[in-house]
Amino acid sequence: MTQGLALLALLLMGGFAIAGPSGILAWSENQRMLELRKQQVVVLERESHSLRNRVDLLDPRNVDPDLAGQLLRDRLNVVHPDEMVILLD
């Protein structure tokens, strides 16, 4: 009886080693998820760099005039007196 229980325990542990959540069969899925996460990190780093650049351009001590003008036009609908506005239907 004890040998049967020991054998059953060993088979159960072997089954988990092969088909468990961190077993041999899950290894390829884990590798695929790792590659996917690495790609997501690269995309997020690019976005972070773009946002960091935009924040640097909007620094109150040294504002980029082109970006400030663009934001004024976009957000406040402000134009210069010598500019013409063409409305498209």
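Residue by residue through the range 16-26, what is 3J(HN,Hα) from phi via Karplus (6.51 cos²θ - 1.76 cosθ + 1.60, θ = phi - 60°)? Round to whole Hz and write x for glycine and proline.
Running phi through 6.51 cos²θ - 1.76 cosθ + 1.60 with θ = phi - 60° gives 5, 5, 8, 10, x, x, 10, x, 5, 5, 7 Hz.
Taking the Cβ-Cβ separation of LEU25 and GLU83 as r and a Förster radius of 41 Å, what is the calculated FRET efficiency to the nearest 0.05?
0.05
Rounded to the nearest 10 degrees, what's the angle between the helix 27-57 long axis and the longest principal axis of the chain, both from Cα atoms, 0 to 90?
Rounded to the nearest ten degrees, it is 20.
When percent of Cα pairs over 21 Å apart is calculated directly from the model, which label among [x] 24; [y] 67; [z] 43 fits?
Of the labelled values, this structure produces [y].
Could you go through the range 81-87 in sequence order and give the Karplus-derived ³J(HN,Hα) for each residue, using 6.51 cos²θ - 1.76 cosθ + 1.60 with θ = phi - 60°, rounded to whole Hz, and x for Gly and Pro?
Those phi angles translate into x, 8, 8, 10, 9, 10, 8 Hz.
Once label points are set 7 Å from the Cα along Cα→Cβ at both MET1 and LEU76, what is their separation, rounded to one decimal in nm?
Here the modelled spin labels are 8.8 nm apart.
Can you tell me the orientation of helix 65-76 relative to the chain, as the angle in degrees between its alpha-carbon axis and the longest Cα principal axis, to the nearest 10?
The two axes meet at around 90 degrees.
Read-outs: derived from the displayed coordinates by stated rules, not from any lab. Bear in mind that the values here come from a model prediction, so they are computed numbers and not experimental data. Counting neighbours? That spans all protein chains shown, and the Cβs are built from the backbone with ideal geometry, glycine included.
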